[in-house]
Amino acid sequence: MFSGIVERLGRVESIERDASGGARLQILASFEPPPAPGASVAVNGVCLTVERAVEGVFHASAVPETLRRTTLGGLVPGERVNLERALRLGDELGGHWVQGHVDAVARIQSVRRTGRDVLVRVEIPEPLRRYVAGRGSLALDGISLTVASWEDPCAAVALVPYTLEHTIASEYEEGRDVNLEVDLIARYLERLA
């Protein structure tokens, strides 16, 4: 479980594809202390298991299904990524509950910059639209965001300067694909109805 508050930016050092269609990622990250083997780290919102960590680099594998259903399949060496370690009991929940289980890849429809303010409109895939509401929560690339407005099929989110400075959101542009995770509570409420 994560909060959607990105801890730091990392950089993809290498990606080694394997015969099964999966990949092993090496990511530069200045975690102190480094994550232990078996720990969970969200990489652009995708929960991955740390296999080992040495000298500011951690290694994790992604199975073919993960590469197909997320933007991780398109990562290239040198690319920056959002990183967040899993929450521990007693940690502050500054964002919202984020599982690291990406629901879909969504496409950014527009980015409007007005001074320091940035408004991003992202098209929500049809099966997930029922989980999005104005002033509700969603995660893009693991970033906990509030839906500023909802005009089917697009959710608009406002990005504050801190988010732009400390995440890959500063790189968002029209046509870019992002990992989308809808609000966990909305999913459970639907099951109870």
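What to note about this one:
- Multiplying the residue separation of Thr146 and Ser20 by 0.36 nm and subtracting their alpha-carbon distance yields 41.6 nm.
- The chain - percent of accessible surface contributed by carbon and sulfur, probe 1.4 Å: 50 percent
- Report note on the peptides 170-177, 38-45, 59-66, 131-138: ranked by the mean count of other C-beta atoms within 10 Å, highest first, their order is 38-45, 131-138, 59-66, 170-177.
- For the range 122-165 and the range 38-72, distance of Cα centres in Å: 24 Å
- Positive contributions from Lys and Arg (+1) and negative ones from Asp and Glu (-1), summed over other residues with Cβ under 15 Å from the Cβ of Asp91, come out at -1.
- The alpha carbons of the chain give a radius of gyration and a Dmax of 16.2, 49 Å, in that order.
- Looking at the range 71-193, the accessible area is 54 square angstrom per residue; that uses a 1.4 Å probe and ignores ligands, DNA and RNA.
- Rounded to the nearest 20 debye, the dipole size of the chain about its Cα centre is 180 debye, using +1 on the Cβ of Lys and Arg and -1 on the Cβ of Asp and Glu.
- Neighbourhood charge, 15 Å Cβ-Cβ cut-off, centred on Ala23 and excluding it, Lys, Arg +1 and Asp, Glu -1: -2
- Counting Lys and Arg as +1 and Asp and Glu as -1 over every other residue whose Cβ lies under 11 Å from the Cβ of Asp141, the net charge comes to -2.
The values are calculated or read from the model by the stated rules, or taken from the named source; none is laboratory data. Computed from a predicted model, the values in this text were never measured in an experiment. Here the Cβ is made from the backbone with ideal geometry for all residues, glycine too, and neighbour counts use every protein chain on show. Just so you know, the surface numbers come from the protein's heavy atoms only, side chains and all, with ligands and any DNA or RNA stripped out. Shrake-Rupley method; radii C 1.70, N 1.55, O 1.52, S 1.80 Å.
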